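The values are calculated or read from the model by the stated rules, or taken from the named source; none is laboratory data. Keep in mind it's a predicted model, so treat the numbers as computed, not measured. Here Cβ is always computed from backbone atoms with ideal geometry, including for glycine, and neighbour counts include all displayed protein chains. Note: areas computed on protein heavy atoms with side chains; ligands, DNA, RNA excluded. Shrake-Rupley method; radii C 1.70, N 1.55, O 1.52, S 1.80 Å.
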Amino acid sequence: MTESSGPSNSSGCWRHALTVLCGLSLLTVMVNSPLHGAEEDAMAMRLGGCGGVYFYAPEGPFWVEVQKQDLNIRNTRTHLRALLVGPDRSVVDQAWIGDDGKAAASGPGPVQRVLMRTNVERPGVYGLNITVTQDRYGDNISWGFRTNCPKYFVETSRGHRDARHEEPIVLRNAGVPGDVGFMPPSGPFSIDVSGLTRNVKELPIFDGDGRRIITLSVSPERTARGNIPAESSRKGTLWRLHLSDAQAVIRIDGVTRWERGGAWENLSLWTPDLSSWFPFHENRWLLTPYSRNVYADTGAEGTINFTLHNNGSTSKRVGLSLEFEENAAWSAELPKTEVELAPDSSAQVPLSYKVPSDGAEWKCYARASVLDETRFSTWSSVTLRRGVAPAQFPVSIPLKLEPYRHENEQFGYLPEYPLDNQVYFDIDNRPFIISNDGVFALRNNAWAKTTTARRADSKKTVRIRPLGTKIAFDRENDVYFLGRDGGTTLLFHSRDHGENFNAWPVPGSGSFDIEQFSGHNLTGTPPPLARFHQTARDPKLIWRRINDLDLILPAKKPDGSIVMGRPVAVSKKCIGLSAHSGIPSTIVSRKDKVHITWGQATPPQEKKPGVPTYVTTYDRSSGRLGSPVLVGYGPPANDVHNSPCITMDSNGYLHVLIGTHGRTFKYVRSLSPNSSSGGWTPAEDIGPGLRQTYVGMVCDHDNVLHLVFRLWLSDNKYFPASHYANLAYMRKLPQQKWSDARPLVVAPFSEYSIFYHRITIDRKGALFLSYDYWSTFWFYRTDHRGSRRALLMSRDGGNAWKLASSDDFLYGVPYREP
């Protein structure tokens, strides 16, 4: 239940915000504020940034009052979204606090409040998630909270920046004292404080027992800095930074900024009150996933795998138990009641179940309790439903992700195949998937992972460490992918469908791409490689890079050994390759012709309309590289995001999409088959005013081009203000224009998002779209341990889409409609 109160004159700007929000079917109930007059604008805690709070909630009524004040520094619409979630991350209450409607530079507006409530039946860790439209860094609002829960942490976090992760604590409570309680690192660390008022002469720091540890002097510039030496005895203790006037920006090593791989990395946890502390750092992600939804028929048996994780630096014992609704026990059990975990380690815990004969839905709660003096405890939920999961049927497009409700929560999606990365298919349509330590293949109706290979040069066995996520196949159905062993790049090669691999050194260093199947390319030799070696970058233009681009053409001898050809220099001004999303195809080949596309960096003073995109062809038979052909520009200029993508149709015509960053892709087609030098169609926008990034494209049996990309929309359809990300789809039939953009997946939050998407095609023409949603907001991302990757597929050319099941991999199993 949610109650909210705005300024006393609620008929003005608040009514405007309410109208916008109700357009989203989010009803906010207005009640009289419990405060009156000057007290109504009182706000005991004013915090900058976004983020949220974690509560260790006991049984009984639980409430949180969220407060917001617009600073009105900029002309933006700052609607605050508050989500209260349970230990299983089910949303138990939610609310929006609208923009106050005041003009930019008009000064801070009135304080607005919303009261969020629930009743805690099972104690555990609850969360309050705070995001703000058009203000992902929380610079244009202040927020705060009050609660009846005695144990809590603030997690100050924002949207990401393209820089080292830092989450400074911003306090805006001038005129009142305040404290910042934190867990200091045991190693040496620094504290930096800025933005202090003139009333602050010194900053004392106390330990949890109130003893003064150190005092920081305040400079005339109203800053303070302290360097604290290492001290192992303070491990696990609490410190308190006291401010006589609580207006400041505070940065603390290990609390608001971190070294990569350091303890508590990215856990920006602190509290204004040491008594609210609870053992959360060392028990973060104690039991995951937070929830599972399962569908099965009567009498069916199965298991659900949970993971216990020790995030601490000492061993711990964890007790396990199952809880049921009152008088509603059913056949579910855990194999153990206790597990011992080494420091920073995890263990799998399978929960087994059998579908009862009576009823339609059953719930249970797996509880994990640390068996030490803290008795820390939390739980995950399991919901078992009779019947077939909605994931087995085509989904309604777009698939709208909701906060904490992704594919499993909405559709019962629980795939039995690996979700590490996108799937590729060999000539026999056998699926393969790269993992972080090997390669999966479906053999004998079971997924098997190969994790080692034999280095061809040293004859030593090495562990597979893939470089990139692409897998390629040649005409003999041999398997290839790239990896590394130490500082050496390797081409992994298998002649037995991925059971065994030899690894062949690849010359040079840098980043690499490999030609993969995109619909009509099939090489009789090992796949060509593109090597990107960065030679310079522009400190003033962070997306401007300069690379040497080389083409490497491996050759296979009759005995199966591989010889790397001498690198062929393609460009000295390549902008680079953007491959985390879309994973565009750099190379496509047929017979002796190898076609490669790239974008180039240009001098900033030249003011080009975009990144110039080139295509050229290497002729294996003559050993010659053709002249580069400029086919168009991808705006904006000097942006490495603008990687192009190339494929070919069954007739050999080349198709190139010129990449952009938040602008409309441009399309060109070769006028001659299997040639980049015979002319091209003029570059044309593929749609009006599309804000596109991250090209992914394949070509099917009917020569239809299929494109997937990130699309920005600002139509207020799902959010009251600001842009939001869509994983969108377009296609182009031969001799026709590109279709309208069609969102396939909609982000659960506004502001910045990416999907780490990759589209592939099997040998029968089915489309497979792998994606892993990523929100700009650190609070949401950090809360989830592991990947969120899912796999959509379409068997009818992009008309209908469903979440892929094992039956959708047609190797060795005839396809059956669900």
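Check Q134 against each of (1) open to solvent by less than 40 Å² (accessible area, probe 1.4 Å); (2) touching a Lys or Arg at 6+ places or on another chain (Cβ under 8 Å); (3) not charged (D, E, K, R) and name the one condition it does not meet. Checking Q134 against (1) open to solvent by less than 40 Å² (accessible area, probe 1.4 Å); (2) touching a Lys or Arg at 6+ places or on another chain (Cβ under 8 Å); (3) not charged (D, E, K, R), the one that fails is (1).
Annotation note: of S511, S561, the sole residue that is open to solvent by 20 Å² or more (accessible area, probe 1.4 Å) and modelled with pLDDT of 95 or more is S511.
Filter region 384-406 for residues that are within 18 Å of V92 (Cβ to Cβ) and in contact with a helix residue (DSSP H, G or I) (Cβ under 9 Å, 6 or more places away or on another chain); which is surrounded by the most Cβ atoms within 10 Å (Cβ to Cβ)? Once the filter is applied, the top-ranked residue is Y404.
Which of the following residues is crowded, with 21+ Cβ neighbours inside 10 Å and not polar (S, T, N, Q): G610, G623, G652?
Just one listed residue meets the conditions, G610.
Checking the structure you have, find out if any residue of region 752-760 is more than 29 Å from A472 (Cα to Cα), among the hydrophobic types (A, V, I, L, M, F, W, C), part of a loop (DSSP other than H, G, I, E, B) and in contact (Cβ under 8 Å) with a residue 24 or more places away in the chain. No, that holds for no residue.
Scanning region 726-756 for residues that are under 13 Å from L399 (Cβ atoms) and of a type outside the set (K, R) yields N726, L727, A728, Y729, P743, L744, V745, V746, A747, P748, F755. Do we find a residue being open to solvent by 20 Å² or more (accessible area, probe 1.4 Å), within 35 Å of the chain's Cα centre (by Cα) and within 24 Å of E476 (Cα to Cα) anywhere in region 570-581? Checked region 570-581: no residue is open to solvent by 20 Å² or more (accessible area, probe 1.4 Å), within 35 Å of the chain's Cα centre (by Cα) and within 24 Å of E476 (Cα to Cα). Apart from one condition, D762 fits all of (1) of a type in the set (D, E); (2) modelled with pLDDT of 95 or more; (3) surrounded by fewer than 18 Cβ atoms within 10 Å (Cβ to Cβ); the exception is (3). Within region 356-393, the set of residues being among the β-branched types (V, I, T), over 14 Å from D297 (Cα atoms) and assigned to a loop (DSSP other than H, G, I, E, B) comprises T374 only. In region 402-425, the residues that are closer than 26 Å to F517 by Cβ and in contact (Cβ under 8 Å) with a residue 60 or more places away in the chain reach residues that are assigned to a loop (DSSP other than H, G, I, E, B) and basic (K, R) with C-beta atoms within less than 8 angstrom, at least six apart or across chains, in these pairs: L419/R789; D420/R789; N421/R789; Y424/K470; F425/R763. With respect to the stated conditions, P682 fails to be open to solvent by less than 40 Å² (accessible area, probe 1.4 Å) and at negative phi. Restricting I397, I433 to those that are of a type outside the set (D, E) and in contact (Cβ under 8 Å) with a residue 40 or more places away in the chain reduces the list to I397. So for region 329-338 (the condition being among the β-branched types (V, I, T) and surrounded by 13 or more Cβ atoms within 10 Å (Cβ to Cβ)), does at least one residue qualify? So far as region 329-338 goes, no, none of its residues is among the β-branched types (V, I, T) and surrounded by 13 or more Cβ atoms within 10 Å (Cβ to Cβ). How about region 173-213: which of its residues are in contact with a Gly (Cβ under 7 Å, 6 or more places away or on another chain) and of a type in the set (A, V, I, L, M)? The one that is in contact with a Gly (Cβ under 7 Å, 6 or more places away or on another chain) and of a type in the set (A, V, I, L, M): I191. I'd like the residue in region 284-313 that is at pLDDT 95 or above and of a type in the set (V, I, T) and, out of all such residues, is most open to solvent (accessible area, probe 1.4 Å). By that ranking, first place goes to T303. Looking only at region 150-168, how many residues end up being crowded, with 23+ Cβ neighbours inside 10 Å and part of a loop (DSSP other than H, G, I, E, B)? Residues meeting the conditions: 2. Screening R484 against (1) open to solvent by 20 Å² or more (accessible area, probe 1.4 Å); (2) assigned to a loop (DSSP other than H, G, I, E, B) leaves a single unmet condition, (2). Among the residues in region 619-632, are any of a type in the set (K, R), under 30 Å from R454 (Cβ atoms) and assigned to a loop (DSSP other than H, G, I, E, B)? The answer is yes, given that some residue of region 619-632 is of a type in the set (K, R), under 30 Å from R454 (Cβ atoms) and assigned to a loop (DSSP other than H, G, I, E, B).
Yes or no: G468 open to solvent by 10 Å² or more (accessible area, probe 1.4 Å) and at pLDDT below 95? In short, no.
For S589, state whether it is in a loop (DSSP other than H, G, I, E, B) and farther than 24 Å from Q692 by Cβ.
no
R781 meets the conditions (1) under 16 Å from the mean Cα position of the chain (by Cα); (2) part of a loop (DSSP other than H, G, I, E, B); (3) surrounded by fewer than 20 Cβ atoms within 10 Å (Cβ to Cβ) in every case but one. The failed one is (2). Within region 479-496, the set of residues being at pLDDT 95 or above and out of contact with any strand residue (DSSP E or B) (no Cβ under 6 Å at 6 or more places or on another chain) comprises R484, R495, D496. As an exercise: evaluate R317 against (1) over 31 Å from the mean Cα position of the chain (by Cα); (2) loosely packed, with under 14 Cβ neighbours inside 10 Å; (3) within 30 Å of R251 (Cβ to Cβ) and give the number of the one condition it does not meet. Status for R317: all satisfied but (3). Filter region 38-77 down to the residues that are at pLDDT below 95, touching a Gly at 6+ places or on another chain (Cβ under 7 Å) and either open to solvent by 70 Å² or more (accessible area, probe 1.4 Å) or among the aromatic types (F, W, Y) (or both) and list them by number. A44 - this is the single residue of region 38-77 that is at pLDDT below 95, touching a Gly at 6+ places or on another chain (Cβ under 7 Å) and either open to solvent by 70 Å² or more (accessible area, probe 1.4 Å) or among the aromatic types (F, W, Y) (or both). For region 693-734, taking the residues that are in a loop (DSSP other than H, G, I, E, B) and polar (S, T, N, Q), the one that is surrounded by the fewest Cβ atoms within 10 Å (Cβ to Cβ) is identified as S714. Here D99 meets each of (1) under 29 Å from H165 (Cα atoms); (2) modelled with pLDDT of 95 or more; (3) out of contact with any Asp or Glu (no Cβ under 7 Å at 6 or more places or on another chain) with one exception, condition (3).
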